[in-house]
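Asks: Sharing a structure below in structure tokens format, with a few things to ask.
Readers should treat all values here as calculations from the given coordinates under stated rules, not as data from a laboratory. Note that the structure is a prediction, hence the values are computed from the model and not measured. Glycine also receives a Cβ, built like all others from the backbone with ideal geometry; neighbour counts cover every protein chain displayed.
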Amino acid sequence: MASGTALIYDEEMTTHKLLWSDPICDIEVPERLSSSYEQLKCYHLVERCVQVPAREGSEEEILLVHSSEHLEVAKSTQTMNEEELKRVSGNYDAFFFHPNTYCCARLAVGATLQLVDAVMLGKVCNGMALVRPPGHHSQKNAANGFCLFNNVAIAAEYAKRKYSLQRILIVDWDVHHGQGTQYIFEEDPSVLYFSWHRYEHQEFWPSLKESDYDAVGLGRGKGFNVNLPWNKVGMENSDYLAAFFHVLLPMAFEFDPELVIVSSGYDSGIGDPEGQMNATPEVFAHLTHFLMQLANGRLCVILEGGYHLKSLSESVCMTVKTLLGDPVPQITGEMAPCLSAVESIQNVRAAHKPYWKWLMYEGNYYSISSSKCNWQMDSCRHSKLLRLIPCFVLYLGIWSFTFVLNSFSLLKDAEGNDFFAAVLGFILPIAYSYQPDLTVIAVGPNRSLGISGISLLFALLQGLAESRIFAVIEVRSGAKPWYFKVPRTELTSSSSSMLGMNCSKLPSRKYWLYLYCLWYPAPPCPTFVKQIAQASFCPEQDTDAY
Ligand code: X5A
Ligand code: ZN
């Protein structure tokens, strides 16, 4: 598999700027790009990335998504004076032209395509492009919301054609609805578009009916457009994580994309004047980490919005650091999503129920007043229960796994494939609300999960406990030893973390293979670990269950 992270940045894209006064557009400043890049340098992240040059996107590439009329208008602004630029800009909702805007927008398209090529050709595993102007509001025939050409939409169309891709996932975590991207792909089942956005029951810009959860796509594209409207400001880390656990990730794993592109706006982060949300930069590390588990890691992150320079640049750094494979920082704070978020999540799930297998057993539309019990309360209750033990312990023996599933009434889909439902809808929310200092995973020999399932579970849990995961994998004596991929961390890159030990002293005739033991930054004392292993995973009374 490819390795390395591409970073694409070209100072030229800082020349696009507002030449007159306009209180709506004056937040989209060149410093958004330069300060993000400076911060990346400051954290020594630039030197760890593969520098890929930007290029100008060709007219042909722009026409993959836009009309020739739109292209010609944009082109014609290169030679205009300020008065003419102001007049043309006035034809659009929230856009400004500068004589170099056309050039910058072509570079933004080209930079995005360079990243797609680098990832698709296996030159790197993933990467980020810092571009201006942004793209996701831009439509076939119109500039809109600071966007001239739809960089991400062009990239998806380009990747579909050039690499014959059949499934591309676009994750739009910008705080605005990328209505441009929605319009471009709403009839296209090969592009799954997910967007969360500040909506406030249609009060917030762009105030469209079609930004609501019931816009699920059209014709053959039904089920492939996913809108999660935030009807309140002040959404936090827990709300974003809940959206990933209960909407985006299960859908994304079922969709099984060949490439993931992020419309990466950081105006959904804390301090942003547009979003008014409260998610901290660390949450973007987690979101990035989750998306890295899809499409064999082929992940292209393209900058969209983000107007609080400090919040923006810290969040960009969190994203790039995670793409590079660094351990994900711990998330602190209350982990239960707010009721308004729960309502939006339930509504989008209900709207998508006809199109997705994992939602087959979903109930009806949700209203807070009529709910007796929901998983939010469940997770609070169980997290208190779990605090009785000092770390988050997960046992994957066939019996107890089934017991856990049954006891919380999680249903299997038609193929009995309850893995994603269990991990995403249950294990991860509980684990995140518990905020462990250590994760212990025990895997029994009769497990129904394959090695890839276990690897994925490991990877998904790596955002917890600063990546301290301890796994005890039981194998029958005489069984062939087996291995699975260890996700890279700072520790694995500097020293070995694979321990193969035959622990015949443990109270079982079968032996335990301590296959995987990863401590970061420092291991707890070995007796403690042994006690956990013995207390939690060797219940003598039901050894037959293994
Ligand atoms: C890319 C982006 C926001 C436009 C807001 C207009 N655009 N009020 O974040
Ligand atoms: Zn935005």
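Asks: Under 8 Å by Cβ, and 6 or more places apart or on different chains, what pairs join a residue from region 126-140 that is touching a residue at least 12 places away in the same chain (Cβ under 8 Å) with one that is among the basic types (Lys, Arg) and more than 14 Å from ligand 1 (Cβ to nearest atom)?
Replies: Close Cβ pairs satisfying both conditions: ASN126/ARG298.
Asks: List pairs: first residue in region 16-30 and in contact (Cβ under 8 Å) with a residue 40 or more places away in the chain, second residue within 14 Å of ligand 2 (Cβ to nearest atom) and among the basic types (Lys, Arg) anywhere in the structure, Cβ distance under 6 angstrom, at least six positions apart or on different chains.
Replies: From region 16-30, the pairs are HIS16/ARG132.
Asks: Does any residue of region 48-69 turn out to be of a type in the set (Val, Ile, Thr) and surrounded by fewer than 16 Cβ atoms within 10 Å (Cβ to Cβ)?
Replies: Yes, region 48-69 contains at least one residue that is of a type in the set (Val, Ile, Thr) and surrounded by fewer than 16 Cβ atoms within 10 Å (Cβ to Cβ).
Asks: Shifting gears a bit: Of (1) surrounded by 24 or more Cβ atoms within 10 Å (Cβ to Cβ); (2) in contact with an Asp or Glu (Cβ under 6 Å, 6 or more places away or on another chain); (3) over 28 Å from LEU148 (Cβ atoms), ASN278 satisfies all except one. Which?
Replies: Every listed condition holds for ASN278 apart from (1).
Asks: Identify all residues within region 300-325 that are in contact with a helix residue (DSSP H, G or I) (Cβ under 6 Å, 6 or more places away or on another chain) and either in a loop (DSSP other than H, G, I, E, B) or hydroxyl-bearing (Ser, Thr, Tyr) (or both); write none if there are none.
Replies: GLY306, SER313, SER315, THR319, THR322, LEU324
Asks: Let me ask another. Pairs, please: C-beta under 7 Å, at least 6 apart or cross-chain, first residue in contact (Cβ under 8 Å) with a residue 60 or more places away in the chain and in region 172-197, second part of a helix (DSSP H, G or I) and of a type in the set (Phe, Trp, Tyr)?
Replies: That search, which allows pairs on different chains as well, returns LEU192/PHE255.
Asks: Could I ask something else about it? Got a number for residues in region 14-38 being within 26 Å of the chain's Cα centre (by Cα) and not in a loop (DSSP other than H, G, I, E, B)?
Replies: Count: 8.
Asks: If you go through region 164-192 one residue at a time, how many are out of contact with any Asp or Glu (no Cβ under 8 Å at 6 or more places or on another chain), part of a loop (DSSP other than H, G, I, E, B), away from ligand 2 (no atom under 16 Å from the Cβ) and not polar (S, T, N, Q)?
Replies: Residues meeting the conditions: 4.
Asks: Moving on to the next point. In the list ASP188, ASP174, which residue meets the criterion of being among the charged types (D, E, K, R), crowded, with 24+ Cβ neighbours inside 10 Å and at negative phi?
Replies: Step by step, each of ASP188, ASP174 is checked, and only ASP174 is among the charged types (D, E, K, R), crowded, with 24+ Cβ neighbours inside 10 Å and at negative phi.
Asks: Another question, then. Hey, among GLN293, GLN276, which residue is within 16 Å of ligand 2 (Cβ to nearest atom), part of a loop (DSSP other than H, G, I, E, B) and either in contact (Cβ under 8 Å) with a residue 24 or more places away in the chain or among the polar types (S, T, N, Q) (or both)?
Replies: Values: GLN293 fails: within 16 Å of ligand 2 (Cβ to nearest atom).
Going through GLN293, GLN276 in turn, just one is within 16 Å of ligand 2 (Cβ to nearest atom), part of a loop (DSSP other than H, G, I, E, B) and either in contact (Cβ under 8 Å) with a residue 24 or more places away in the chain or among the polar types (S, T, N, Q) (or both): GLN276.
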